Each structure stands twice: as C-alpha cells, then as structure tokens.
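Encoded as structure tokens, the structure appears first; notes follow it.
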C-alpha cells in the first residue's frame, strides 16, 4: 500500500508548490504594476495578470490543497492504521460518516487506495487473483517472446506475463 501513499503525497506536494508560487506571484505582481507603470508596459501588464490570478485563483487553490490534505489523512487511516469502516475512520478523524464515505469513494476513484472492495460502508481486502490470459500458441501476446511452461501456467521470461494453460 506504500505506492498508494506516495501517489497522494506527490499530488499534495505538487499542489503545495503551485499554491506557494501563486501566492508569491500575487505579492510580486503589486510592485510590478507600480514599476511597470513608470518604465515598461509589459512589466505592468504581467503584474496585473499576476495580481488578478492571485486574487481570484489563489484562494481556490489553497482550498483544493486543504481538501487534498484531508483526503491524504483518510488514505493514511486506511493504509497505515488499518481502519476499514466508515464509522472507525470517522471516529478517528473527527469527521461525520457521510464525509468519510465521500472521501473514501474519491480516493478509490483517483486510485489513491487500491486492493480493497468498498460497499459504501466497509473496505475489505481484495484477495482475488488477477485473471490469467489464455494462450493459443507458445508466444507471449505482450512482447512476442517464447513462453516457458510451468505446472499450472505459461510465463514469459522477458516481460513477466502469466498465461493459463486452460
């Protein structure tokens, strides 16, 4: 499950960087307008763009960042603390169950959480084996390599694909 946490951590860090850059652009845009008005029209226009985008976009980006952090906390509760029901997660994180359900669903849809089956209330580990591909000839369908025969399946030594003997 560590791969899941790294994906959401990457998205949270990326959004934080975007938020910081937008905040800095907003602050830098004000003096650019003043300096640009007396020396360069391009600097002034760029300053106006920075201020306008910062004024309208910055709050929305910071709100999105906080929602991602909250979603990250739900993913951590599931993957690191092994909480599997909406009630457990809600109690641990001091959220209501409706909010938890929405966040778990969003985390599954964004593939921040994989390997679970969710029925809207409880997460259960998905212990099902992936469907094995049936082969017709002794060639790998993915890379064209010659397959090796094992007791219950064929395997490609090049790309690692598994194929059923049936």
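Rule-based calculations on the coordinates, nothing more; no lab input. Being a predicted model, the structure only gives us computed values, none of them experimental. Don't worry about glycine lacking a Cβ; one is built from the backbone with ideal geometry, like all the others, and counts go over all protein chains shown.
For the Cα atoms of the chain, what angle does the longest principal axis make with the long axis of helix 41-79, in degrees from 0 to 90, nearest 10? Value to nearest ten degrees: 40.
Estimated at 0.36 nm per residue, the fully extended path between residue 96 and residue 11 surpasses their Cα-Cα distance by 28.1 nm. Sorting 8, 45 from the fewest to the most surrounding beta carbons within 10 angstrom yields 45, 8. Considering all alpha-carbon pairs of the range 11-97, what whole percent are spaced by more than 17 angstrom? When every Cα pair of the range 11-97 is considered, 60 percent fall beyond 17 Å. If R0 equals 45 Å, the separation of the Cβ atoms of residue 119 and residue 52 corresponds to a calculated FRET efficiency of about 0.45. Measuring r between the beta carbons of residue 39 and residue 60 and using R0 = 25 Å, the FRET efficiency lands at 0.20. The sum of -39500 (n - 2.57) across all DSSP H runs of n ≥ 4, divided by the residue count of the chain, sets its helix-only mean residue ellipticity at 222 nm to -20500 deg cm²/dmol. Footprinting exposure proxy ranking of 79, 22, 85, fewest other C-beta atoms within 10 angstrom first, gives 85, 22, 79.
Fewest neighbouring Cβ atoms within 10 Å first, the residues 58, 91 line up as 91, 58.
Using a/c under 1.5 as the rounded threshold, could you call the chain rounded, prolate or oblate? The axes a ≥ b ≥ c are square roots of the C-alpha gyration tensor eigenvalues, and prolate needs a/b larger than b/c, oblate otherwise. Judged from the Cα gyration tensor, the chain comes out oblate (a/c at least 1.5, b/c at or above a/b).
Estimated from the Cβ-Cβ distance and a Förster radius of 22 angstrom, the FRET efficiency linking residue 150 and residue 111 is about 0.10. Most simply put, the chain has about 85% antiparallel DSSP beta bridges, counting only bridges with both residues inside it. Taking 150, 26, 55 in turn, the Gaussian network model of the chain (Cα-Cα springs below 10 Å) assigns the largest fluctuation to 150.
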